[in-house]
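The values are calculated or read from the model by the stated rules, or taken from the named source; none is laboratory data. All values derive from a computational prediction rather than experimental measurement. Neighbour counts are summed over all protein chains in view; Cβ atoms, including those assigned to glycine, are modelled from backbone coordinates with ideal geometry.
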Amino acid sequence: MKDRMDSRASKETGRAAWTMLAVLAGTALALRAGDAISGWLSGVPRGVHLCASVAEAEVRTGLRLGQVGQGLGDYAPTEGGVRATARPAPAIAIAMRDGHGTSLLTLFGSTDGAIPSTLRPPLPFFHEIAVPLGPGLSASLKAERQPDGSVWQDLEWSHGTGKIALRFNGRTVELLRLAKQLAEAAP
Amino acid sequence: MNRRAGETILHGIVAALVVMVLLRTQRIRSPHTRLQFWLLAMGLPMGCTPLFWLTPWRLGDRFRDDWSLFSASHLAPFTWHGLELTGVAALVLALAGGTLFLRDAIPFALDLVSGRAPHHALTTPPAALTRAAEQAAVALGTAAPRLVVLTSRHPILICRGLRRPFIVASTGLCEILAPDELVASVAHEMAHAKYRDPTLGWGLMLVRGLCFFNPAVQLVARAAVLEIEHRADLSAARNAGGAEAVVKSLRKLSGIDSARAPRTSPRTWHSFRLAAIENRCQSLLRDERQAPATLARWILPTTAIGLGVILFLTIA
């Protein structure tokens, strides 16, 4: 009789332990799912941080953009368009618009290695060529197709141990002009 | 400051939901144990969240990216008429919390004021009441607290006093309740005195006032008060008079089953109160038949530790 009662008590204890673990684990999973969903809805994945200004992004990553952070030619940073990440290496993305608001330019910069895909999602490209930007400086120019079918230009070159890239929906000539301006001004 | 208030609200909501699910899945029926869990849901965010603020590295990018379960920074891009949506949500929740607090704080304050009887209304306890108090004290195994009796036709029975609880009753009470119902209702108030419920009630109201902006604290505190009442009901039912006597006295004192029942439409505040008392009666009749189940002692502290870790990894 006592053995039966002990066995039932230990079964109850086991059930209570598993239930508690399940509830706590379920809560953790639910919070993690909520975090992922909110990141997906906002378009800001985990690891990427929306910055109020270019200065804040520089503080978060240690990158120094100098005058470029204020704008490039006619293009100025848009509100809510500055993002930064520290993984796998510090990198910044700045979305800019021209004075007419029709063309969109995004500047990417990393300190070490490639620009993370969380900042610059890879797009299928159908054409790639090498273009000179200046003495001893060559860039890779790709024509990429956006999900909505539009064609964007993606220009990337090495800067020290890192990379700089421009993604642009305007004319290639304009893009190359901005890239040369950037290559000369980059700290 | 807004972020901290928002984090307190978020932690309160998470703690309340976890405790609610645990109480259901663990099938915890004992009101004493349920009360402990509700107090955990209220106390843990209040106690731990300020401690978390002493760890500023918790708000850094590295911790948010690598360790956090949930980070509200993802919601920063969402705005509503130029205001951050998280701020608007926190404001709406704070208003809800304030409303819930006032809904109970105002009657609490009015009850306090109206309970202060002038000296000329005091009288010696009727013999029936004294006998009932002695019987209830013996049944509960506790010393009978001081009885203060008011000369009033209205049935009054309440436990007061922070340091030395006493029972306030009226002469009208003895006219309404039968002897067994009188013993049961006095035993209910004595159970409140035995568990120092007036002090706990004041503590809960103080916490509710400090966290007036937190709707989770308000709702959890209400749940805790219901368990306090249920604990006293069960204590009186099991030790003095049985569930039937407690239920009859509750219904008589609230006017549910008498001609005194007000002719009100179903949606008035009073009808909600009567519905809550009837729920208590049904719950008491159901629970008194069941043997009290014992919960392993380690469940509560383990839940506290697990929930504390979850809250630490949840960042506003």
**Asked** Looking at segment B:244-292, which of the residues that are at pLDDT below 80 and β-branched (Val, Ile, Thr) is nearest to B:Glu175 (Cα to Cα)?
**Response** B:Ile256
**Prompt:** Looking at this structure, is B:Thr49 touching a residue at least 40 places away in the same chain (Cβ under 8 Å), out of contact with any strand residue (DSSP E or B) (no Cβ under 8 Å at 6 or more places or on another chain), among the polar types (S, T, N, Q) and under 23 Å from B:Val88 (Cβ atoms)?
**Reply:** yes
**Asked** strands (runs of 3 or more DSSP E) wholly in segment A:128-186 with at least 1 residues that are basic (Lys, Arg) - which ones?
**Response** A:137-145, A:162-168
**Request:** Just one of (1) touching a Phe, Trp or Tyr at 6+ places or on another chain (Cβ under 6 Å); (2) surrounded by fewer than 21 Cβ atoms within 10 Å (Cβ to Cβ); (3) of a type in the set (Lys, Arg) trips up B:Arg208, so point out which.
**Result:** (2)
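Sort through A:Gly162, A:Gly99 and tell me the only one that's under 27 Å from B:His74 (Cβ atoms) and either out of contact with any Ser or Thr (no Cβ under 6 Å at 6 or more places or on another chain) or not hydroxyl-bearing (Ser, Thr, Tyr) (or both). It would help to see each step written out before you state the result.
Working: A:Gly99 fails: under 27 Å from B:His74 (Cβ atoms).
None of the others qualify; the one that does is A:Gly162.
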**Request:** From the list B:Leu51, B:Leu39, B:Leu22, B:Leu10, pick out the single residue that is part of a helix (DSSP H, G or I), away from chain A (no Cβ under 14 Å), buried (at least 20 other Cβ atoms within 10 Å of the Cβ) and of a type outside the set (Lys, Arg).
**Result:** B:Leu39
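Among the residues of segment A:68-80, count how many are in a strand (DSSP E or B) and either more than 14 Å from every other protein chain (Cβ to nearest Cβ) or touching a His at 6+ places or on another chain (Cβ under 6 Å) (or both).
Of the residues in segment A:68-80, 4 are in a strand (DSSP E or B) and either more than 14 Å from every other protein chain (Cβ to nearest Cβ) or touching a His at 6+ places or on another chain (Cβ under 6 Å) (or both).
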**Asked** Looking only at segment B:54-73, which residues are part of a loop (DSSP other than H, G, I, E, B) and touching a residue at least 24 places away in the same chain (Cβ under 8 Å)?
**Response** B:Trp67, B:Ser68, B:Leu69
**Message:** For the condition within 14 Å of another protein chain (Cβ to nearest Cβ), at pLDDT below 80 and touching a Ser or Thr at 6+ places or on another chain (Cβ under 9 Å), what is the one hit in B:Leu295, B:Leu313, B:Leu300?
**Reply:** B:Leu295
**Request:** Return yes or no: is B:Arg103 closer than 30 Å to B:His154 by Cβ, surrounded by fewer than 15 Cβ atoms within 10 Å (Cβ to Cβ), under 32 Å from the mean Cα position of the chain (by Cα) and at pLDDT 85 or above?
**Result:** yes
**Asked** Do we find a residue being within 16 Å of the chain's Cα centre (by Cα) and at pLDDT 90 or above anywhere in segment B:176-188?
**Response** yes
**Asked** Among A:Gly39, A:Gly14, which is the only one that is of a type outside the set (D, E, K, R), surrounded by fewer than 18 Cβ atoms within 10 Å (Cβ to Cβ) and within 12 Å of chain B (Cβ to nearest Cβ)?
**Response** A:Gly14
**Request:** Residues being in contact (Cβ under 8 Å) with a residue 40 or more places away in the chain and within 11 Å of chain A (Cβ to nearest Cβ): count how many of those fall in segment B:74-89.
**Result:** 1
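Take the conditions part of a loop (DSSP other than H, G, I, E, B) and within 14 Å of chain A (Cβ to nearest Cβ) and apply them to B:Arg27. Does it pass?
Details: part of a loop (DSSP other than H, G, I, E, B): yes; within 14 Å of chain A (Cβ to nearest Cβ): yes.
Yes; evaluated as a whole, the condition is true for this residue.
One line per residue, one yes/no per condition, for (1) under 16 Å from the mean Cα position of the chain (by Cα); (2) over 30 Å from B:Leu307 (Cα atoms); (3) within 9 Å of chain B (Cβ to nearest Cβ); (4) touching a residue at least 12 places away in the same chain (Cβ under 8 Å):
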{"residue": "A:Val23", "(1), (2), (3), (4)": "no, no, yes, no"}
{"residue": "A:Gly26", "(1), (2), (3), (4)": "no, no, yes, no"}
{"residue": "A:Leu31", "(1), (2), (3), (4)": "no, no, yes, no"}
{"residue": "A:His49", "(1), (2), (3), (4)": "yes, no, yes, yes"}
{"residue": "A:Ala55", "(1), (2), (3), (4)": "no, yes, no, yes"}
{"residue": "A:Leu63", "(1), (2), (3), (4)": "yes, yes, no, yes"}
{"residue": "A:Gly66", "(1), (2), (3), (4)": "no, yes, no, yes"}
**Asked** Just wondering, is there one or more residues in segment A:81-96 that are at pLDDT below 90, over 21 Å from B:Ala76 (Cβ atoms) and more than 8 Å from chain B (Cβ to nearest Cβ)?
**Response** yes
